[in-house]
1. Suppose we keep just the alpha-carbon trace of segment 140-244; what are its Rg and Dmax in angstrom?
2. Per Stokes-Einstein, at 20 °C and 1.002 mPa s, what whole-number D in µm² s⁻¹ belongs to segment 52-94, with the Kirkwood radius over Cα pairs as the hydrodynamic radius?
3. Considering every pair of different Cα atoms, what Kirkwood radius, in Å, is found for segment 261-354?
4. So what is the orientation-averaged projected area of segment 198-290, using the convex hull of its C-alpha atoms, in nm²?
5. Ordering 252, 276 by accessible area with a probe of 1.4 Å, largest first, what comes out?
6. Hey, what D do you get for segment 133-183 in µm²/s if you plug the Kirkwood alpha-carbon radius into Stokes-Einstein at 37 °C and 0.692 mPa s?
7. Report, in whole Å, the centroid distance computed from the Cα atoms of segment 134-194 and segment 21-50.
8. Round to the nearest 10 and report in Å² the accessible area of residue 296, as given by a 1.4 Å probe over the protein chains' heavy atoms.
Amino acid sequence: MSDRLTSLLTRRRATLLTVAVLLCLPPFYLDAFWLRIGLFSMAAAIGAVGLALLSGTAGQLSLGHAFFLAVGAYGYAWLAGDPGPGLPSALAAPLAVLMAGVAGGLFSPVAGRVKGIYLGIATLALVFLGHHVLLTADSVTGGFNGRSVQPLALGGLTFDGNDELTVLGVPFGAEERLWFLGLALFAVTWFTARGLLRSRPGRALAALRDSETAAAVMGVDVARHRSAAFVVSSMYAGLAGVLLALVFRRVVPDYFSLVLSVDYLAMIVIGGLGSVAGATAGAVFVTALPLLMTRYADQLPLVAAPGTTDGAVGPTEAARYLYGAAIVLVLLYAPDGLHGLARRARDRLRRSRTPTSSPDPALPTPPPPAAAARPKEHTP
């Protein structure tokens with residue numbers, strides 16, 4: 001048993017190492033367009049993991065995820081920019097994540113007392129309130145036109161690409177440098193979220209999702225764990241907002257609308273509720289699909305290229321139709337999402353590879369065991 005466990009751990013470590021090496025290769029071979037898709041997908045995956053912890057694990061509906069992404073993005077832009085405190089960007093980034101956590105903490109008393117659709121409506125108010133503040137607080141947010149984002153600087157490395165940097169003969173611009181930053185942030189998100197799910201608080205959140213009454217009987221503080229899940233989810237969203245701000249290099253209010261919150265709900269539903277890997281897969285699908293359809297719109301049937309007015313469906317609308325249909329199909333045929341489909345396919349493949357022992361025809365077949373005598377029923 002020990003040898004089998006050691007072999008399994010060795011195989012997993014080899015798999016993780018292989019995946020890490022493969023994820024480090026794209027900046028050396030792909031152009032900026034594909035790197036931007038990857039960066040947007042990483043940022044979306046970080047935010048989707050946070051929402052999966054809240055909605056999939058704790059069972060709390062939230063429509064205000066875009067608000068906490070905006071807090072992270074604008075918090076970093078204001079803390080590191082001018083007008084603003086002008087803090088070092090390496091300090092402004094974690095402070096922006098903490099700001100998102102504080103915003104979630106201020107809302108956590110509501111999250112600790114209401115649930116279900118009532119919590120969803122309450123968080124929906126955050127999106128409208130946040131959008132109004134972003135448009136009117138010109139001195140902080142820049143108003144309708146938004147504000148530029150100060151590039152991140154860590155030590156002597158600046159993630160803007162203005163200075164020349166060559167690695168293995170490949171010039172490293174902003175996208176190449178941000179790729180490795182995004183990988184590091186996503187790796188931290190992945191391992192911390194999986195550790196949380198396997199820990200005692202994670203099991204308590206799962207118990208809350210299944211039955212709050214049973215969880216309370218087992219000693220789980222329902223209000224405190226609900227509030228904590230909301231704060232943790234808000235911090236993940238704030239981290240995603242910081243990465244988005246660094247990739248966009250300019251933040252505008254219209255991006256952080258209700259549509260963005262709905263997109264995040266689509267990510268965790270398509271990927272699979274309560275799964276870190278599923279949230280990541282759903283984030284990549286929902287984020288990359290409209291970008292790919294925009295690039296290849298002239299080669300797709302029934303899809304009009306951006307800027308044309310021939311009455312056909314635009315690439316963004318077509319992408320929303322497609323992942324809307326994907327949500328319907330998932331709800332009907334795969335309630336556990338892409339992660340559940342992948343798990344079942346892996347189990348089926350493993351069973352097909354397992355050899356089945358067949359009886360030796362030279363040996364006599366043992367007689368079938370005698371049927372056990374059924375006790376006589378009592379007749380009144």
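The values are calculated or read from the model by the stated rules, or taken from the named source; none is laboratory data. Predicted model, so just to flag it, every value in this text is computed and none were measured. Positions of Cβ are backbone-derived with ideal geometry, glycine not excepted, and every protein chain shown enters the neighbour counts. These area figures cover heavy atoms from the full protein model, side chains too; ligands, DNA and RNA do not enter into them. Shrake-Rupley method; radii C 1.70, N 1.55, O 1.52, S 1.80 Å.
1. Over segment 140-244's Cα set, Rg and Dmax evaluate to 20.3, 62 Å.
2. Working: Rh = 11.8 Å.
Rounded, D is 182 µm²/s.
3. 14.4
4. Values: hull surface 28.8 nm².
It is 7.2 nm².
5. Details: 252 55, 276 10 Å².
From most accessible down to least: 252, 276.
6. On the way: Rh = 13.0 Å.
Value of D from the Cα-based Kirkwood radius: 253 µm²/s.
7. 12
8. 80
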